[in-house]
1. Looking at GLY80, GLY69 in this structure, which one is out of contact with any Asp or Glu (no Cβ under 7 Å at 6 or more places or on another chain) and either open to solvent by 30 Å² or more (accessible area, probe 1.4 Å) or hydroxyl-bearing (Ser, Thr, Tyr) (or both)?
2. Consider GLY58 carefully, then state whether it is surrounded by 13 or more Cβ atoms within 10 Å (Cβ to Cβ), under 20 Å from GLU103 (Cβ atoms) and in contact (Cβ under 8 Å) with a residue 60 or more places away in the chain.
3. Restricting to segment 176-193, and then to whatever is part of a helix (DSSP H, G or I) and within 11 Å of THR156 (Cα to Cα), can you tell me which residue is farthest from the chain's Cα centre (by Cα)?
4. May I ask you to verify whether GLU102 is touching a residue at least 40 places away in the same chain (Cβ under 8 Å), among the charged types (D, E, K, R) and over 30 Å from LEU26 (Cβ atoms)?
5. Please indicate, with yes or no, whether at least one residue in segment 130-150 is surrounded by 13 or more Cβ atoms within 10 Å (Cβ to Cβ), among the hydroxyl-bearing types (Ser, Thr, Tyr) and either out of contact with any helix residue (DSSP H, G or I) (no Cβ under 9 Å at 6 or more places or on another chain) or not in a loop (DSSP other than H, G, I, E, B) (or both).
6. Which condition does ILE115 not pass, out of (1) open to solvent by less than 90 Å² (accessible area, probe 1.4 Å); (2) under 21 Å from ARG78 (Cβ atoms); (3) in a helix (DSSP H, G or I); (4) in contact with a strand residue (DSSP E or B) (Cβ under 8 Å, 6 or more places away or on another chain), if it passes all the others?
7. Can you tell me how many residues within segment 178-208 are over 16 Å from LEU61 (Cβ atoms) and among the β-branched types (Val, Ile, Thr)?
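The values are calculated or read from the model by the stated rules, or taken from the named source; none is laboratory data. Every value quoted in this text rests on a predicted model; they were computed, and no experiment measured them. Cβ placement follows ideal geometry from the backbone for every residue including glycine, while neighbour counts extend to all protein chains displayed. The area values use the complete protein model at the heavy-atom level, side chains included, leaving out ligands, DNA and RNA. Shrake-Rupley method; radii C 1.70, N 1.55, O 1.52, S 1.80 Å.
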Amino acid sequence: MERYIHILKHTQLFAGIGETEISAMLNCLQATLRTYKKGDYVFREGERLDKITVLVDGKLLIQKDDFWGNRSIVNVIRIGEMFGEAYIAPESGSILNDVIAEENSVVIFFDVHRILTTCPSACRFHSMIIENLFFAISEKNRKLVQKIGHISKRTTRAKLLSYLSEESKLHNSNHFTIPFNRQQLADFLSVDRSAMSNELGKMRDEGLILFDKNEFTLL
């Protein structure tokens, strides 16, 4: 687990805390490490969570399938990002989505009760983690509002333009790589893949964008 401390240092959960302090806190927070192969489920819909998790290698997808097998991608989890924090309250209920490894991945689990209950020494670093957790939940809510903004657009083109514009701002460049393939992007934006591909082609022909697989350039 020590090999991933440099990644934890740059996460929202451990913001402002040095590697030495993080290493000392892993036992206090009952941190455990698990590895997953591509396609493995990290969590399944209906499970109850009592852990906060941080992805330290690979990529995960939060997705939901309906009764007929139609899939919607809720979010993508990249290295250094936290997930599961939305279900840590006692009355939060079970998880509403599946969390699946999009590629071979490594996840560190932290006992939420150990995080929310300060240790006997009441170290300032533990207090910082609680504060960081609050800010991380606020940031996650902001991202969900962004997604609602994308999918609430009336047309496939409007949804694409909204999403690609946001990704451009995120990367601070008009050239960027998105974390989805075509089907995943369609699932994320809740549109038909064929219709979306046709619209992307029209946007390219009109000189709005260039793309190669999941690399995009806004013109």
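1. Values: GLY80 fails: either open to solvent by 30 Å² or more (accessible area, probe 1.4 Å) or hydroxyl-bearing (Ser, Thr, Tyr) (or both).
Result of the check over GLY80, GLY69: GLY69.
2. Working: surrounded by 13 or more Cβ atoms within 10 Å (Cβ to Cβ): yes; under 20 Å from GLU103 (Cβ atoms): yes; in contact (Cβ under 8 Å) with a residue 60 or more places away in the chain: no.
No; evaluated as a whole, the condition is false for this residue.
3. Our first condition is that a residue be part of a helix (DSSP H, G or I); within segment 176-193, this holds for 182-189, 193.
Then drop every residue that is not within 11 Å of THR156 (Cα to Cα), which leaves 186, 189, 193.
On the way: ALA186: 17, LEU189: 15, ARG193: 22 Å.
Once the filter is applied, the top-ranked residue is ARG193.
4. Working: touching a residue at least 40 places away in the same chain (Cβ under 8 Å): yes; among the charged types (D, E, K, R): yes; over 30 Å from LEU26 (Cβ atoms): no.
In short, no.
5. no
6. For ILE115, the failing item is (2).
7. Number of matching residues: 1.
Each row is one residue, and each column tells you yes or no for (1) at pLDDT 85 or above; (2) assigned to a loop (DSSP other than H, G, I, E, B).
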residue	(1), (2)
VAL76	yes, no
ALA86	no, no
PRO90	no, yes
ILE95	yes, yes
PHE110	yes, no
